[in-house]
Amino acid sequence: MLNKVCVITVKVDRMSAAIDFYTKVLDFKISKHYGERIVSLVHNEIPIVLEETELNNVGKQNVLIGIHSNDLDKDFDLLKKKGAKILFDEPKPCPPGRYIIIEDPAGNQIELVEFSDE
């Protein structure tokens, strides 16, 4: 059956900038380097892989991942302090709760979601 996500790949244009963003802004740790162009991040459930691509392939949405937040207001403020590009002035409502969208250095959008039924 093909109904279980097993990896999330994020295509980036500069690996060094991507590693800085994912490790310094979002606090992920590197699991493994698969050469110079592919890096796996430590994640307990679904592996997240950064893959460097040619410049002409980056700039459009290459992936959208959702990251769970227990306290979206706190995370929003922290991300602002860390210099993350946040696309909203404040969290917005969504069917399961509230969310914000940030962009990594390659322009990939990442959703942070706080569920209202927690």
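Just a few scattered comments:
- Degrees between helix 72-81 axis and first principal axis of the chain (Cα, 0 to 90, nearest 10): 50
- Relative contact order (%) - criterion: Cα under 8 Å, at least six apart; region: the chain: 26
- Every helix of 4 or more DSSP H residues in the chain counts as -39500 (n - 2.57), and over all residues that averages to -3500 deg cm²/dmol at 222 nm.
- Expected-Rg normalisation [2.2 N^0.38 Å, Cα atoms] applied to segment 8-115: 1.05
Since every read-out is calculated from the coordinates, none of them should be taken as a lab result. Owing to the predicted nature of the structure, the values given are computational and were not obtained by experimental measurement.
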